[in-house]
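S.K.: Quick one: structure below, then a few questions.
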Amino acid sequence: MEDINLKFGDTGDNVKILQEKLKILGFYNALITGIFGSSTEEGVKAFQKLFNFKETGVVNNEMWNLLFELTETAFDNLNTKPTLQIGASGNDVKELQTILKNLLYYTGNIDSKFGKETEVAVKRFQFHNKITASGIVNNQTWTLLDTLYGKLNKCAIEDESDSEDNNTNVYNVVKGDTLYSIARKFNTSVDEIKKLNNLSSNTISVGQKLLIPTSETVTPTTTYTVVSGDTLYSIARKFNTTVDELKRLNNLSSNTLSIGQKLLIPASETINPTTTYTVVSGDTLYSIARRFNTTVDELKRLNNLSSNTLSIGQVLKLQ
């Protein structure tokens, strides 16, 4: 995989891919041209601001990899959701109406029937989020609903003293939540949540209480020293944890870090017996980084690589 450094004035297939990914996530609403112009730059900066990158308007490897991760995740989550329009009915329409109602776009009854009032609400949502206001809920609209309003909204946890199982916590579903985003947040699986709560489908509603599997309250930790280029997001990725968990453990009120700062890291997440990896046919630095919960830049730093070129049989350090 080549190094990515996309900026204003660039053209080509990578710019088209960038525009497509930004459009899926709601950060770009112009035509897919393959030309990195002002609209593309604005979308890049908006994305960077939301994910705590420096707002340079330039796309580097870390942002590029995150764009792929978010869009792949979004479509994995949407693979069972149909396109909805007037005349549709069922649980997917109920979920749509519930989300739109809590976002103040829909004021009607949650009746699982896609009528004129639901269509108007969908059009308002699409218009305000700068995508084509067709009134039809397709993958792009589902992505905005599930990813931007679910994955990126901060979740609230309510601990209840009357929980019947010491190995579970109770979680109140908030607007934009999906079973997938909740499972990611609590390091569990959709199947495990569905099993604990006797759910027969992936449909959940705002205010619904879910049992979530949990470990002991006291989290064992180890210490990590911040180095140049670190962000809370990159550290969380490195140690297979979350930004929220790092902020909780370290009593951080912002995402700002300083070189030399010592952070508590969940120790249970840092145990990884694999310290090296041998390259096989088809491997790329990106695919290896994804597999071992690290980044391309970190692999290159650990192995003193000046390019992304790999050879079969090459042994890479992973930590």
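The values are calculated or read from the model by the stated rules, or taken from the named source; none is laboratory data. This is a predicted model, so every value here is computed, not measured. Every residue, glycine as well, gets a Cβ built from its backbone with ideal geometry; the counts of neighbours run over all protein chains shown.
S.K.: Being touching a helix residue (DSSP H, G or I) at 6+ places or on another chain (Cβ under 7 Å) and of a type in the set (S, T, N, Q) is the filter; apply it to the stretch 294-318 and report the residue that is surrounded by the fewest Cβ atoms within 10 Å (Cβ to Cβ).
M.R.: Across the stretch 294-318, the extreme among qualifying residues is Asn308.
S.K.: For the subset of the stretch 175-225 comprising residues that are at pLDDT below 75 and hydrophobic (A, V, I, L, M, F, W, C), which member is farthest from the chain's Cα centre (by Cα)?
M.R.: That would be Val218.
S.K.: Go through the stretch 299-315 and count every residue that is free of Cβ contacts under 8 Å to residues at least 24 places away in the same chain and in contact with a strand residue (DSSP E or B) (Cβ under 6 Å, 6 or more places away or on another chain). Steps first, please.
M.R.: Taking the stretch 299-315 first, the residues free of Cβ contacts under 8 Å to residues at least 24 places away in the same chain are 299-306, 309.
Still in the list and also in contact with a strand residue (DSSP E or B) (Cβ under 6 Å, 6 or more places away or on another chain): 302-303.
Number of matching residues: 2.
S.K.: Can you tell me which condition Ser306 does not meet? The list is (1) over 28 Å from the mean Cα position of the chain (by Cα); (2) within 20 Å of Leu232 (Cβ to Cβ), and all the others hold.
M.R.: Of everything listed in (1) over 28 Å from the mean Cα position of the chain (by Cα); (2) within 20 Å of Leu232 (Cβ to Cβ), Ser306 misses just condition (2).
S.K.: May I pose another question? Would you say Glu41 is part of a helix (DSSP H, G or I), modelled with pLDDT of 90 or more and out of contact with any Leu (no Cβ under 6 Å at 6 or more places or on another chain)? Before you say what the answer is, go through the steps one by one.
M.R.: Values: part of a helix (DSSP H, G or I): yes; modelled with pLDDT of 90 or more: yes; out of contact with any Leu (no Cβ under 6 Å at 6 or more places or on another chain): yes.
So Glu41 fits the description; yes.
S.K.: Would you call Gly26 buried (at least 16 other Cβ atoms within 10 Å of the Cβ), within 19 Å of Glu55 (Cβ to Cβ) and touching a Lys or Arg at 6+ places or on another chain (Cβ under 8 Å)? Explain how you work it out, then say what you get.
M.R.: Numbers: buried (at least 16 other Cβ atoms within 10 Å of the Cβ): yes; within 19 Å of Glu55 (Cβ to Cβ): yes; touching a Lys or Arg at 6+ places or on another chain (Cβ under 8 Å): yes.
In short, yes.
S.K.: Report the residue count in the stretch 245-263 for those that are outside any loop (DSSP other than H, G, I, E, B) and modelled with pLDDT under 80. Walk me through how you get there before you give the answer.
M.R.: Just the residues of the stretch 245-263 that are outside any loop (DSSP other than H, G, I, E, B), to begin with: 245-249, 262-263.
Filter once more, keeping what is modelled with pLDDT under 80: 248-249.
Qualifying residue count, the stretch 245-263: 2.
S.K.: Additional query: Name the residues in the stretch 19-35 that are out of contact with any strand residue (DSSP E or B) (no Cβ under 6 Å at 6 or more places or on another chain) and not polar (S, T, N, Q), would you? Even if it seems obvious, please write down each step before you answer.
M.R.: Start the filter on the stretch 19-35 by keeping residues that are out of contact with any strand residue (DSSP E or B) (no Cβ under 6 Å at 6 or more places or on another chain), which leaves 19-33.
The answer is Glu20, Lys21, Leu22, Lys23, Ile24, Leu25, Gly26, Phe27, Tyr28, Ala30, Leu31, Ile32.
S.K.: In the stretch 2-23, how many residues are on the phi < 0 side of the Ramachandran plot and part of a loop (DSSP other than H, G, I, E, B)? Full working, then the answer.
M.R.: Initial filter on the stretch 2-23 (on the phi < 0 side of the Ramachandran plot): 2-8, 10-11, 13-23.
Restricting the remaining residues to those that are part of a loop (DSSP other than H, G, I, E, B) gives 2-5, 7-8, 10.
Looking only at that region, the number is 7.
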